[in-house]
Amino acid sequence: FDTSTPSTDSTMENPTFIYTTAGTYNVQLRVSDGNGGTGVANLTIHAGNNLASFTFTSPSDGGFMSWGDDISVALSVSDVEDGDTNGNPGTEGSGIACEAVVVTPSLGHLTHFHDTPSIDACPQDLTLGAEGHQTNGEADIFYVLNANYTDNGGLQSFGQIRIYPKVAEAEHYDDSSQGINIIQNTDDLGGAEDAIRADHNSYIVYQGRNLENITSLIYRLSSSVSGGSIELRLDSPTGTLLGTSAVPVTGSANDWANVELGIVDPGGKHDLYIVFKNASAGTGIVDLNYIEFVGAGVSVDKSAPVVEEVKSINTTQVRVFFNEKVTAATAEDLSNYMLDNGITINSAVLQEDGRTVLLTTTQLTPDVQYNLNISNIENTVGLTIQPDSYPFSIFTPIRINAGAGELTTSYGIFSADQYVTGGQTYTASSLAIANTSDDLLYQSERYGNMNYEIPIMISGKYDIRLHFAEIYIGVDGNTGTRIFNVSIEGEEVLSDFNILSETNSATALIKEYDDVLITDGLASIAF
């Protein structure tokens with residue numbers, strides 16, 4: 001053990017050393033294993049120097065926000081030796097300039113951060129951007145403000161706060177008890193792909209949350225049994241009770257409803273325990289999609305609403321999805337919508353989520369492009385949407401029978417192989433195919449290097465399904481001929497893919513790719 005004095009200070013286990021003079025020192029610990037191997041660790045020690053402390057006055061640590069909103073950033077830094085950012089001197093300095101403090105806004109994702117450019121600690125507003133991440137619930141993301149200050153003695157100190165989206169996916173809990181199971185989300189009105197199913201006395205926990213400016217919670221839930229309830233408690237499953245919500249019978253597992261609970265802010269940060277009760281039913285008492293925290297929270301909405309998607313549901317219904325809640329008065333005003341091609345809009349109904357509007361129209365024709373003009377829609381703080389036109393169509397699925405002719409299947413009609421260059425075809429007409437009732441579809445194939453360029457009339461997001469089966473049973477003697485890559489729209493989605501590494505030969509395997517953005521008129525798939 002060496003404290004940078006001319007000689008080694010200690011050769012004992014667990015040495016201690018007390019510095020009597022303030023300063024910056026380099027310390028080295030060397031450990032030998034007796035066989036010629038030596039490990040070395042170095043540490044810088046700032047003796048007689050105190051760490052600075054950070055106090056965020058805005059936003060409040062653990063508070064709730066909405067993506068796209070603004071937050072006011074205000075914090076103070078206090079250091080015994082240097083003073084503080086409020087102009088008070090320290091034992092050795094006259095104060096800290098806010099410009100000397102570094103604040104790094106970051107997008108938190110699971111257990112790591114994606115830093116954005118740093119700012120100083122002078123009061124200012126920030127817009128909460130998701131930096132390209134999905135904000136519809138698929139990604140478990142939040143916002144982080146990291147602060148650091150290096151004092152005049154060279155000692156660096158750190159502070160951090162986190163704020164969270166007002167819509168919390170049920171499956172994105174921080175902790176849970178037994179009796180919580182992840183299930184597929186069947187709700188048409190939002191949420192990610194997953195939800196949770198809860199048993200009696202089970203719970204989930206959202207840690208370190210602050211209910212400042214939150215007036216209620218909305219549980220998006222489904223239940224087929226009566227007598228259930230949800231308790232909101234602080235800091236433990238038996239902690240202070242903020243409120244209890246009765247769980248209604250919504251119908252089947254596919255029938256979802258909103259249940260709202262009014263609350264009073266208890267002040268400060270707490271772990272929020274969502275406790276599920278129904279002693280008579282026992283298991284599978286309720287499905288929970290997400291929880292919405294209603295109120296201003298710690299962010300301010302300064303931006304107008306934006307249309308995220310316009311999508312036809314059937315030949316007489318069109319769904320409009322906004323990025324935030326809008327007012328019923330403007331969302332249901334028919335004069336704020338106009339369709340071309342002689343189509344009349346008969347009704348506009350704002351759905352329970354406050355973001356989705358269902359338009360009922362006269363008959364729409366498949367594979368015809370329509371343009372929906374939207375204007376005058378206001379969000380809940382009165383900001384008005386920028387008028388614009390949004391194309392959509394009733395899309396007829398395109399199905400291609402690779403390597404063979406037209407075929408009617410349980411999925412629908414597959415056209416003869418087309419829109420392809422390269423590759424070779426092969427058929428195993430007598431081979432039974434497992435995991436499907438459509439053997440004929442999988443008994444033919446196109447293999448080798450090939451490219452499909454499939455015409456797509458309207459730019460937008462599309463779901464793509466690739467149907468695989470390894471139907472060549474023989475051995476051709478070439479290493480790696482069953483291994484290939486697949487790219488969709490220039491992005492590699494399968495690397496060194498071998499069908500037999502995931503399933504048996506002569507077995508159907510489907511790979512699913514949702515929300516593929518196509519903007520150039522062609523769906524490009526390369527093998």
**Message:** Check which residues have an amide H placed less than 5 Å from Val294's amide H, if you skip close sequence neighbours.
**Reply:** Thr215, Ser216, Leu217, Ile218
**Over 20 Å [Cα-Cα, segment 352-422], rounded percent** = 58
**Request:** Rounded to the nearest 500, what is the 222 nm mean residue ellipticity of the chain from helices alone, with -39500 (n - 2.57) per DSSP H run of 4+ residues and division by all residues?
**Result:** 0 deg cm²/dmol
**Fill in**
Kirkwood-based Rg/Rh on the Cα set of segment 400-526 evaluates to 0.95
**Item:** Listed residue pairs exceeding 26 Å between alpha carbons, taken from Lys325/Lys511; Lys166/Lys269; Lys166/Lys277; Lys302/Lys461
**Value:** Lys325/Lys511; Lys302/Lys461
**Request:** In debye, nearest 20, what is the charge dipole magnitude of the chain about its Cα centre with +1 on Lys and Arg Cβ and -1 on Asp and Glu Cβ, if you could check?
**Result:** 760
**Fill in**
Rh (Kirkwood, all Cα-Cα pairs) for the chain, Å, reads 28.4
**Long-range amide H partners of Leu242 with built H, under 5 Å** = Leu232, Arg233, Leu234
**Asked** If the chain between Glu332 and Leu110 were fully stretched, how many nm would it gain, using 0.36 nm times the residue separation less the Cα-Cα distance?
**Response** 76.1 nm
**Request:** Note down the net charge around Asn373, summing +1 for each Lys or Arg and -1 for each Asp or Glu among other residues with Cβ under 15 Å from its Cβ.
**Result:** -3
**Message:** Can you tell me the length gained on complete extension of the stretch Ser118 to Asn341, counting 0.36 nm per residue apart and subtracting the Cα distance?
**Reply:** 75.2 nm
**Prompt:** In whole Å and largest first, what semi-axes does the C-alpha gyration tensor of segment 1-157 yield when each eigenvalue is scaled by 5 and square-rooted?
**Reply:** 39, 25, 10
**Request:** Restricting to segment 400-526, compute how many DSSP beta bridges are antiparallel as a %, nearest 5.
**Result:** 90
**Considering only segment 346-437, percent of DSSP beta bridges that pair antiparallel, nearest 5** = 85
**Request:** Evaluate the charge dipole of segment 183-340 about its Cα centre and quote only its size in Debye, nearest 20, assuming +1 on the Cβ of each Lys and Arg and -1 on the Cβ of each Asp and Glu.
**Result:** 360
**Request:** First measure r as the distance between the Cβ atoms of Gln28 and Leu51, then evaluate 1/(1 + (r/R0)^6) with R0 = 22 Å and state the FRET efficiency to the nearest 0.05.
**Result:** 0.45
**Complete:** If the label point sits 7 Å along Cα→Cβ of Thr425, residues of segment 385-414 with amide N under 15 Å come out as 400-408, 414
**Asked** From largest to smallest, what semi-axes in whole angstrom does segment 167-295 give when each is the square root of 5 times an eigenvalue of its alpha carbon gyration tensor?
**Response** 21, 16, 14
**Prompt:** Considering the Cα trace of segment 263-365, what is its radius of gyration and what is Dmax, both in angstroms?
**Reply:** 19.4, 57
**Message:** How would Ser229, Ser347 line up from fewest to most surrounding beta-carbon atoms within 10 angstrom?
**Reply:** Ser347, Ser229
**Message:** For the chain, give me the percentage of DSSP beta bridges that are antiparallel, rounded to the nearest 5 percent.
**Reply:** 95
**Request:** Can you tell me the equivalent ellipsoid semi-axes for segment 304-414? Use √(5λ) from the Cα gyration tensor, largest first, whole Å.
**Result:** 33, 14, 12
**Request:** Using only the alpha carbons, work out the radius of gyration and Dmax of segment 102-204 in angstrom.
**Result:** 17.9, 58
**Prompt:** If you rank Val493, Val167 by fewest surrounding Cβ atoms within 10 Å, what's the result?
**Reply:** Val493, Val167
**Request:** Quote the FRET efficiency, to the nearest 0.05, computed for Thr91 versus Thr21 with a Förster distance R0 of 25 Å and r equal to the Cβ-Cβ distance.
**Result:** 0.95
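Where a number appears in this text, it was derived from the coordinates with a stated rule and is not lab data. None of these values were measured; they are calculated from a predicted model. A quick note on method: Cβ atoms are made from the backbone with ideal geometry, for glycine too, and the neighbour counts reach across all protein chains shown.
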